[in-house]
Structure formats: structure tokens, C-alpha cells
Amino acid sequence: MIVESSSSPRIEDLSEALARISMAEGVGLMLVLACDANAYSPAAINPILQSCPIPILGGIFPQVMAGGRLLEEGYVILGFPTQSQVFTIPRLSDPDVDFESALESLPVSLPGSKTMFVFVDGLSSQINRFVEEVFAVFGLEQNYIGGGAGSLSFESKPCLITPQGLVREAAVLAFADLEIGVGVAHGWRDLAGPFEVTESKGNAIASLDWRPACEVYREAIESIAGDSFEGVDFFNVAKNYPFGISKLGTEKVVRDPIGVNEDGAIICVGEVPEHSLVYILTGEPDTLIEASGQALSLGCQAASSAGESRGCLLLDCISRYLFLGERFGEEFFQLAERSGMSQVVGALTLGEIANNRKDYLEFYNKTAVAGIFES
């Protein structure tokens with residue numbers, strides 16, 4: 001596998017790097033993780049992506065990781081020695097799209113596929129439904145790893161890198177004959193609840209226990225945790241108190257509240273189904289860092305057949321970084337170094353997608369996903 005990174009925001013440098021890696025012997029798939037601050041425009045980048053001679057996918061993220069540091073500008077490119085096929089699924093915010101039919105009609109002709117990369121526009125409103133259909137169609141035959149692209153401004157704009165160009169409100173899938181061990185963990189614990197989601201639409205929670213959701217949420221946090229929303233941007237408080245959707249026999253699936261719409265509903269990254277039971281969660285830096293170590297360990301166990309030289313593809317939620325602050329370096333860089341990782345690269349995402357050929361495929365928030373591969 002080839003990894004190339006740069007702190008340069010220049011699209012010319014990205015173009016030259018893609019050309020170098022695409023011409024390297026054996027490379028059959030390129031994964032591109034680029035920074036939002038690069039401000040790539042579709043007009044500038046689309047001809048580069050459309051002319052790429054091998055399958056390509058990826059996204060635009062708040063920050064990317066390489067060389068033991070976070071980059072606010074620049075990119076990371078991974079060139080995988082594998083056969084692959086890449087497909088784009090549009091209209092990821094359209095509730096009328098039949099994702100099952102769209103996925104079943106894909107001309108997949110790679111019987112040896114062991115891993116599927118799944119990247120989505122993290123601000124789309126039908127992500128969870130799409131992920132459920134991906135699992136229903138393709139099942140446990142392969143590992144899945146990916147996440148949500150987008151900007152920390154939460155402005156909807158083109159953010160997915162596809163062979164057709166830079167797009168929005170879509171998903172891009174890559175089938176690859178590639179072994180990756182996947183580990184997932186988050187480290188959040190219950191603060192309040194459970195509450196029944198009595199009214200929701202897509203990624204907007206309107207009511208909890210038949211009361212306005214924002215009212216219930218604020219009361220619980222202010223009375224139990226002592227944090228106040230008065231005069232403070234909603235997300236600055238909410239980033240510390242995600243929702244957890246209760247799941248039978250497994251860790252809660254976290255949903256990140258990022259704002260309140262004009263109707264007073266709480267907007268999350270990912271859908272929250274009506275009649276589901278949710279908790280308000282909290283955490284401490286130590287519990288999150290411990291969980292990231294667990295994700296790394298689970299990924300290594302799942303990749304037990306890999307060689308001695310291992311690398312880690314980390315897809316870690318941007319809100320974990322905002323929560324941990326200066327301690328984010330402990331989240332993975334130091335843990336991975338102690339575990340003997342030869343390389344740690346990745347992105348800070350708007351939601352994470354993963355499973356390990358054992359569990360149900362999920363769209364997570366505020367979660368650490370570690371993909372371990374032979375470097």
C-alpha cells in the first residue's frame with residue numbers, strides 16, 4: 001500500500017500526487033481524504049477526478065491525520081494494491097428513493113470482495129436508511145468501513161469524492177479484494193433517560209415523551225450536569241451530551257445533536273427513529289481514550305492474519321476531537337505507536353460507518369473506528 005500526504009491546499013499538488021500513485025505498480029484503488037479548508041471547487045477538481053485512470057473515492061473533512069499530526073489543510077491519499085469497483089448512489093436526502101433497488105442493480109463483478117468502503121455526505125437526511133439497505137443487500141460477506149464527509153460549518157455543499165467528480169447528498173461505495181480488520185468503540189455513558197422518541201422526521205427529533213425535545217434535553221443537562229445553554233451556541237454545549245439509541249445486546253449507537261431547526265426540533269447527524277428509546281450520554285476524556293484503545297485492539301484481533309507491518313486507518317468523529325481538545329493526541333496517535341503501528345492516517349468525520357463481519361452495520365456518531373491493514 002502507498003500513502004502520500006501533504007499540508008498543501010493547492011489543487012495542483014493533489015493532482016500531481018494522484019497521478020504518481022495511479023501509475024504505481026499494482027495500485028487498483030485510491031482513497032482520498034482532503035481538508036475542507038482547501039476549498040476545492042467542483043469546477044477545478046472534477047476534471048482531475050474524471051480523468052483518473054483507476055477507481056477513486058473519498059471525501060472532504062474538517063481535518064485529516066497523517067504523520068502523527070492533524071492537518072487543517074492538505075490531504076492524505078491511500079493507494080491500495082487491490083482489484084476494486086466504485087459506485088455512486090445519489091439523492092441521499094430523498095425519502096422516496098428506493099435504495100434497495102438501486103443497490104441490487106449495481107453491476108458488481110468482483111466475487112473476491114472482502115471489504116466495502118462506504119462514504120456518505122454526513123449532512124444527508126437518509127443516511128441510516130441507506131446504511132440499513134446496504135447491509136440488507138450485501139450482508140456479512142465483507143467488512144465495512146467509512147464515514148460522513150462534510151464541513152464543521154454544517155453547511156451542505158459538495159463533499160464526496162467520486163469518479164464522476166465532487167458531489168453532495170450522495171454515497172460512494174468501493175468493493176475491494178482487501179483484508180482489513182475493523183474495531184469500533186465510543187466510551188460514552190448514560191446521564192439521563194431513557195426517553196421515548198415520540199415524534200421525529202429523518203434526523204430531526206421533535207418530541208421526547210410527548211414534550212418538545214429541546215425542552216426535555218435542556219432540562220436534563222441543566223439539572224443533572226449543571227451546564228447552561230443560556231447565551232451559548234447550542235452545539236458548544238451539545239457536543240458534550242450526545243444521544244444514545246438503545247440497542248438490544250450491544251453498545252448504544254450514538255447520535256450527535258448539532259443544532260435546532262426553525263420548528264424547535266433537535267437536528268442530529270443521522271436519523272433517530274420514532275418510538276426508539278434514547279438516553280442522553282456523557283463522558284470523560286479518560287473513558288473516550290480507553291474506548292479508542294479498545295477499538296484499536298478489536299481491529300488488531302480482527303486482522304490477526306495480517307503481516308507484522310500494520311497500518312491504521314482511523315475514522316474518528318470530529319466532535320470527539322472537539323471534546324478531547326489537547327488530549328486528542330492520546331486518542332490514537334500514542335496508542336497506535338505503542339501498538340507498533342507503522343502508519344496512522346485518517347480523517348475527522350461527520351459520523352462513522354463500520355462493522356466487522358459479525359455485527360449489524362451501523363451509522364455511528366462520536367465513535368472511533370479503526371481499520372487495521374497490512375502496510
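The values are calculated or read from the model by the stated rules, or taken from the named source; none is laboratory data. Because the structure is a prediction, the values reported are computed rather than measured. Here the Cβ is made from the backbone with ideal geometry for all residues, glycine too, and neighbour counts use every protein chain on show.
Okay, residues lined up against (1) touching a Cys at 6+ places or on another chain (Cβ under 9 Å); (2) among the polar types (S, T, N, Q):
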position	(1), (2)
ALA39	no, no
CYS52	no, no
GLN63	yes, yes
PRO95	no, no
MET116	no, no
GLY122	yes, no
ILE127	no, no
VAL131	no, no
ALA136	no, no
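Would you check if GLY249 is surrounded by fewer than 16 Cβ atoms within 10 Å (Cβ to Cβ), at positive phi and at pLDDT below 85?
Numbers: surrounded by fewer than 16 Cβ atoms within 10 Å (Cβ to Cβ): yes; at positive phi: yes; at pLDDT below 85: yes.
It is true that GLY249 is surrounded by fewer than 16 Cβ atoms within 10 Å (Cβ to Cβ), at positive phi and at pLDDT below 85.
Here's a check for you: in the stretch 179-233, which residue that is part of a strand (DSSP E or B) and of a type in the set (S, T, N, Q) is modelled with the lowest pLDDT? Can you show your working first?
To start, the set of residues in the stretch 179-233 that are part of a strand (DSSP E or B) comprises 181-185, 189-201, 204-208, 211-212.
Adding the requirement that they be of a type in the set (S, T, N, Q) leaves 198, 200, 207.
On the way: THR198: 97, SER200: 94, SER207: 97.
Among them, the one singled out is SER200.
What is the residue count in the stretch 34-49 for residues that are under 24 Å from the mean Cα position of the chain (by Cα) and more than 13 Å from VAL172 (Cβ to Cβ)?
In the first step, residues of the stretch 34-49 are kept if they are under 24 Å from the mean Cα position of the chain (by Cα); the result is 34-42, 45-46, 49.
Retained after the next criterion (residues that are more than 13 Å from VAL172 (Cβ to Cβ)): 34-42, 45-46.
Summing the residues that are under 24 Å from the mean Cα position of the chain (by Cα) and more than 13 Å from VAL172 (Cβ to Cβ) in the stretch 34-49 gives 11.
For residues that are within 18 Å of ILE127 (Cβ to Cβ), modelled with pLDDT under 90 and outside any strand (DSSP E or B), tally how many sit in the stretch 313-358.
The qualifying residues number 1.
Would you check which residues across the stretch 179-209 are in contact with a helix residue (DSSP H, G or I) (Cβ under 9 Å, 6 or more places away or on another chain) and closer than 30 Å to PHE373 by Cβ and list them?
Hits for the stretch 179-209 are ILE180, GLY181, VAL182, GLY183, VAL184, ALA185, HIS186, GLY187, TRP188.
From the list GLU155, GLU169, GLU199, GLU179, pick out the single residue that is assigned by TED's automatic domain parsing to the domain that holds PRO242 and either in contact with a Cys (Cβ under 6 Å, 6 or more places away or on another chain) or surrounded by fewer than 22 Cβ atoms within 10 Å (Cβ to Cβ) (or both). Reasoning before the result, please.
Details: GLU155 fails: assigned by TED's automatic domain parsing to the domain that holds PRO242; GLU169 fails: assigned by TED's automatic domain parsing to the domain that holds PRO242; GLU179 fails: assigned by TED's automatic domain parsing to the domain that holds PRO242.
Matching residue, one of GLU155, GLU169, GLU199, GLU179: GLU199.
Give VAL137, VAL120, VAL108 a once-over and let me know the one that is aliphatic (A, V, I, L, M) and within 30 Å of TYR321 (Cα to Cα).
Values: VAL137 fails: within 30 Å of TYR321 (Cα to Cα); VAL108 fails: within 30 Å of TYR321 (Cα to Cα).
From the options VAL137, VAL120, VAL108, the qualifying one is VAL120.
Tell me, which strands (runs of 3 or more DSSP E) lie completely within the stretch 1-101 with 1 or more residues that are buried (at least 21 other Cβ atoms within 10 Å of the Cβ)? Show your work before the answer.
Values: elements: 2-6, 29-35, 56-61, 63-66, 69-71, 75-80, 84-89.
Result: 29-35, 56-61, 63-66, 69-71, 75-80, 84-89.
Would you be able to tell me the number of residues in the stretch 187-212 that are more than 26 Å from TYR321 (Cα to Cα) and either of a type outside the set (Lys, Arg) or without any contact (Cβ under 8 Å) to a residue 60 or more places away in the chain (or both)?
If we filter the stretch 187-212 for residues that are more than 26 Å from TYR321 (Cα to Cα), which is where we start, we get 194-201, 206-212.
Within this subset, residues satisfying the condition of being either of a type outside the set (Lys, Arg) or without any contact (Cβ under 8 Å) to a residue 60 or more places away in the chain (or both) are 194-200, 206-212.
Qualifying residue count, the stretch 187-212: 14.
When ASN236 is evaluated against the numbered criteria (1) under 18 Å from THR282 (Cβ atoms); (2) in a loop (DSSP other than H, G, I, E, B), which criterion, by number, is the only one it fails?
(2)
For GLU274, state whether it is at pLDDT 90 or above, outside the structural domain of GLU132 (by TED's automatic domain parsing) and within 23 Å of THR198 (Cβ to Cβ).
Details: at pLDDT 90 or above: yes; outside the structural domain of GLU132 (by TED's automatic domain parsing): yes; within 23 Å of THR198 (Cβ to Cβ): yes.
The answer is yes for GLU274.
This table checks each residue for (1) closer than 13 Å to ASN203 by Cα; (2) among the acidic types (Asp, Glu); (3) in contact (Cβ under 8 Å) with a residue 40 or more places away in the chain.
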position: ASP227; (1), (2), (3): no, yes, no
position: GLU230; (1), (2), (3): no, yes, no
position: PHE234; (1), (2), (3): no, no, no
position: PHE243; (1), (2), (3): yes, no, no
position: VAL253; (1), (2), (3): no, no, yes
position: GLY259; (1), (2), (3): yes, no, yes
position: ALA265; (1), (2), (3): yes, no, yes
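Mind checking whether some residue in the stretch 218-229 is polar (S, T, N, Q), surrounded by fewer than 18 Cβ atoms within 10 Å (Cβ to Cβ), closer than 22 Å to ILE127 by Cβ and not assigned by TED's automatic domain parsing to the domain that holds ASN365? Please lay out each step first, then the result.
Applying the first criterion (polar (S, T, N, Q)) to the stretch 218-229 yields 223, 228.
Retained after the next criterion (residues that are surrounded by fewer than 18 Cβ atoms within 10 Å (Cβ to Cβ)): 223, 228.
Cutting the leftovers down to closer than 22 Å to ILE127 by Cβ gives us none.
No; the residues of the stretch 218-229 include none that is polar (S, T, N, Q), surrounded by fewer than 18 Cβ atoms within 10 Å (Cβ to Cβ), closer than 22 Å to ILE127 by Cβ and not assigned by TED's automatic domain parsing to the domain that holds ASN365.
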